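The values are calculated or read from the model by the stated rules, or taken from the named source; none is laboratory data. Quick caveat, the model's predicted, so the values are computed rather than measured. Methodologically, a virtual Cβ is constructed for each residue, glycine included, from the backbone with ideal geometry; neighbour enumeration extends over all protein chains shown. Remember, those area values only see protein heavy atoms, side chains included, never the ligands or the DNA or RNA. Shrake-Rupley method; radii C 1.70, N 1.55, O 1.52, S 1.80 Å.
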Amino acid sequence: MNRFLVQGKVCLRGEVEISGAKNAAVAILPAAMLVDGVCIIENVPKISDVLNIVEIMNSMGAVAEWVDNTNTLRVDCRNITSCEVSYEHAKKLRASYYFMGALLGRCGKSIVALPGGCNLGGRPIDQHEKVFEALGATVVTEGGSVHCHAPSLNSAHIYFDMVSVGATINAMLAACKAKGLTVLENVAKEPHVVDVANFLNSMGANISGAGTNVIKIRGVARLGGGSYAIIPDQIEAGTYMAAAAATRGNVLVKNVIPKHMECISGKLREMGVTVEEYDDSIRVRVEEGAILRHAQVKTAVYPGFPTDMQPQIAVLMATVEGISRVTENIWGSRFRYVEELKRMGAKITVDGKSAVIEGGRSLSAAPLHACDLRAGAALIIAACTAEGSSYIEEIEFVERGYENVVEKFNALGANIQKITD
Ligand code: EPU
């Protein structure tokens, strides 16, 4: 078991370079299974979720290789030999469900074990299955795997019952080679959804409307190869922005798309943090003597405040005077980190979908447990603000989604050591 030892009471200062977006990369790599040619994919974060996806692809006969130890992957899926993802592979990450849509589009069938991933409450995939059936596949769950089969895929008009990132992306994957015009309504508009559409289009797909409520996909016979660069990670950037504010620091967050950050920048400004936007970077600082204000956050689909930033902003709220409230509207169980913050001295009450945070208390170091990816990131921030040294256990969760997290925090003045037992 690996742990982080975090020495607290630091003020983060300096510059941090944001990596490629995890939730785009874990969809774009399976999407490459649809491509009948070589894809050069740049800005791929080397995080464990991505390494697991690469391993799954290679186990199916794809050849995915890092170019010269950079963040560029060369992917050749022309000779895949299998349409099956085992439980051993699928359980490691949620995004293994993207192989359902990609393999269905590529081979007309897929057998994919039900996915793992962070425990955030119920994570049904009924909307994914509804899409595959609408496109003409039979979908049966048997022996812990979802079996999809379609002799041919035909277009469909699909209205999602709720906005789902995963189902929207899986629909694009399954439909981009289906005959005719598929229309998807009530879709997710997250930046990584648009990035997947852009990747597919750059390989020869015909997808329009990504980033709006309606996506239209005109099926094409073949996707050829090409080059593509993944967008910067909105949530990684937001995490360092929250960390800068919580430690009352001054950090230039580089390689970001400021437009994607507006929901987070706006909330930080509302709390009294100075946020300056440049072309592809954002400076976050707390002016000397500034007193930050409490706030309310309600998580929502893009362009609303992202659920994946909820634990990190809650830590910032714990450091400011007054009563703040965060309301979680996407996941049923995303407050497990609250118990950890309470052990550091935070005063937080969870009431159904909301957590009420009585801020302004100094946090003190404690042994901590990262219960999921974003919770782990939030605990790093909390430990950086606290007096003393904290241990954080189960850091594998953090390494699933944050590239070089120790190096990046330490370059800003944090004092984090990875301890391998
Ligand atoms: N939902 C259903 N049925 C479905 C699909 C979703 O009821 O078929 C519900 C979910 O239970 C949830 C809501 O719809 O209440 C939204 O779920 P969504 O499908 O959008 O989530 P996801 O695709 O499984 C992705 C990210 C999550 C992020 C959510 C919301 C990936 C691999 N994961 O999950 O990221 O929280 O969108 O933005 O892209 C993270 O990175 O830490 C993370 C958990």
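Residue count for region 38-59, restricted to those that are part of a loop (DSSP other than H, G, I, E, B) and open to solvent by 10 Å² or more (accessible area, probe 1.4 Å): 2. Restricting Glu190, Glu129 to those that are touching a strand residue (DSSP E or B) at 6+ places or on another chain (Cβ under 6 Å) and either of a type outside the set (Gly, Ala, Ser) or free of Cβ contacts under 8 Å to residues at least 12 places away in the same chain (or both) reduces the list to Glu129. Give region 95-120 a look and list any residue that's over 15 Å from Leu173 (Cβ atoms) and near the ligand (Cβ under 8 Å from one of its atoms), or say none. Result: Gly117, Cys118, Leu120. Checked against (1) out of contact with any Cys (no Cβ under 9 Å at 6 or more places or on another chain); (2) crowded, with 16+ Cβ neighbours inside 10 Å, Pro367 passes all but a single condition, namely (2). Here is the figure for region 253-280: residues that are open to solvent by 20 Å² or more (accessible area, probe 1.4 Å) and touching a residue at least 60 places away in the same chain (Cβ under 8 Å) total 4. Counting the residues of region 65-93 that are assigned to a loop (DSSP other than H, G, I, E, B), out of contact with any helix residue (DSSP H, G or I) (no Cβ under 7 Å at 6 or more places or on another chain) and within 25 Å of Asn43 (Cβ to Cβ) gives 7. Looking across region 392-407, just one residue is hydrophobic (A, V, I, L, M, F, W, C) and in a loop (DSSP other than H, G, I, E, B), and that is Ile395. Glu287 meets all of the listed conditions (1) free of Cβ contacts under 8 Å to residues at least 24 places away in the same chain; (2) touching a His at 6+ places or on another chain (Cβ under 6 Å) but one, namely (2).
Considering region 164-185, the residues that are in contact with a Ser or Thr (Cβ under 8 Å, 6 or more places away or on another chain) and assigned to a helix (DSSP H, G or I) include one that is nearest to Val35 (Cα to Cα), namely Ala175.
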